[in-house]
2 protein chains.
Amino acid sequence: MDRLTSHIDTIAGNCIAVRLRLLNRVVTNLYDDALRPLGLKASQLNILIVAAKLGLARPAKVCEILQLDTSTLSRNVERMRAQGWLEVVPDDDARAQPFRVTSRGMRLIEKAFPKWEAGQRQAEALLGEKGIALLDKAAKKLGGPSADR
Amino acid sequence: MDRLTSHIDTIAGNCIAVRLRLLNRVVTNLYDDALRPLGLKASQLNILIVAAKLGLARPAKVCEILQLDTSTLSRNVERMRAQGWLEVVPDDDARAQPFRVTSRGMRLIEKAFPKWEAGQRQAEALLGEKGIALLDKAAKKLGGPSADR
DNA sequence: CGCAGACAGTTGCATATACAATTAAATCCG
DNA sequence: CGGATTTAATTGTATATGCAACTGTCTGCG
């Protein structure tokens, strides 16, 4: 077995990215499937929830919490605004484009909750208690969302 | 605190998808940054490695291993073929489009190895030993890639 | 043989994602 | 005040991803 072959085996057997990305695809699909009847995706529910927690959501702040590129958020917000789930709020600073969840967006969260639970249950079964705890720990390191924001 | 508010807090405080997706973005960026000098993305390295392990890679098999939609793989392979990293191999069954890593693709893996190590180190620091072990366990449940394939 | 159904992949379409470049506005400071 | 810098977000471009619909090929069966 030559050097290159052993490199291939090392990556195949240990790469964190390949495993995390695979798991992400599977889990995202669980939630997307559950939420599909509402025309809502997991990515959008993430944003909706963060915005709901913030009240007034400043894009830079949301991006920090979710570790999202600002350009990504910009377009996601635009799509969700088009659906009437978010609305942009005027601000003193003319550069800013803070937004908030509309009442329609709030009703959507309400309808989404049982669907979210369904996806969450499946994801829990996949990861187990320990997996969830570890995920939580890693996400906290990155300043991710938590109940107290 | 009304019912909807408590739903929002429940999701914000417990959602596996939001955490996993966040972690996935961060970790994917670590590898993408490390691999950027080679014009290679983490997603593509995944495919390259699986194909290298398989020798002759059948799209359906690769999709099963990586839990990827066939349409996603189809396009990724096309891009990588355009780079000269993969080549399609003729097959008895005219429906099939098996592919393999070219020698140029193999040289790319060689150059990518130290870059991969850099990303891997950072990801390890982020997840810790236990995190990695749990990730491995979850990925195995899904028939993900492992050293012996 | 010939056709119905299964199977392997691709194509159309939409969202998610990030980097680089850009626009516009606020702020700093001489 | 006014230009240089910083900040906030958007726009251009490219890849990644998945669902639905489609194309072509194979297979089984009467």
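In the condition set (1) within 17 Å of the chain's Cα centre (by Cα); (2) at pLDDT below 95; (3) surrounded by fewer than 19 Cβ atoms within 10 Å (Cβ to Cβ), residue A:118 is compliant with all but (2).
Take the conditions free of Cβ contacts under 8 Å to residues at least 60 places away in the same chain and charged (D, E, K, R) and apply them to residue B:87. Does it pass? Answer is yes for this residue.
For the stretch B:30-54, filtered to residues that are farther than 24 Å from residue B:136 by Cβ and not basic (Lys, Arg), the residue that is farthest from DNA strand C (Cβ to nearest atom) is B:38. Hey, does the stretch A:125-132 have a residue that's at pLDDT 95 or above and farther than 22 Å from residue B:126 by Cβ? Yes; the residues of the stretch A:125-132 include at least one that is at pLDDT 95 or above and farther than 22 Å from residue B:126 by Cβ.
List the helices (runs of 4 or more DSSP H) that sit entirely inside the stretch A:1-94 and contain at least 1 residues that are among the acidic types (Asp, Glu) and facing another protein chain (nearest Cβ under 7 Å). Before you say what the answer is, go through the steps one by one.
Working: elements: A:3-14, A:16-35, A:42-54, A:59-66, A:70-82.
By residue number, A:3-14.
For the stretch B:95-109, how many residues meet the condition of being away from DNA strand C (no atom under 12 Å from the Cβ) and not in a helix (DSSP H, G or I)? Step through it out loud before you land on a result.
From the stretch B:95-109, those away from DNA strand C (no atom under 12 Å from the Cβ) are B:100-109; that's our starting set.
Narrowing the set further to residues that are not in a helix (DSSP H, G or I) leaves B:100-102.
Of the residues in that region, 3 qualify.
One residue is enough: does the stretch A:38-45 have a residue meeting the conditions more than 13 Å from DNA strand D (Cβ to nearest atom) and touching a Cys at 6+ places or on another chain (Cβ under 9 Å)? So far as the stretch A:38-45 goes, yes, one or more of its residues are more than 13 Å from DNA strand D (Cβ to nearest atom) and touching a Cys at 6+ places or on another chain (Cβ under 9 Å). Scanning the stretch A:65-109 for residues that are aliphatic (A, V, I, L, M), near DNA strand D (Cβ under 9 Å from one of its atoms) and touching a Lys or Arg at 6+ places or on another chain (Cβ under 9 Å) gives A:88, A:96.
Quick check, is residue A:67 in contact with a strand residue (DSSP E or B) (Cβ under 9 Å, 6 or more places away or on another chain) and surrounded by 12 or more Cβ atoms within 10 Å (Cβ to Cβ)?
Numbers: in contact with a strand residue (DSSP E or B) (Cβ under 9 Å, 6 or more places away or on another chain): no; surrounded by 12 or more Cβ atoms within 10 Å (Cβ to Cβ): yes.
Against the criterion (in contact with a strand residue (DSSP E or B) (Cβ under 9 Å, 6 or more places away or on another chain) and surrounded by 12 or more Cβ atoms within 10 Å (Cβ to Cβ)), residue A:67 does not qualify.
The values are calculated or read from the model by the stated rules, or taken from the named source; none is laboratory data. Given the structure is predicted, the values throughout are model-derived calculations rather than measurements. As a convention, Cβ positions derive from the backbone with ideal geometry for all residues, glycine included, and neighbour counts pool all protein chains shown.
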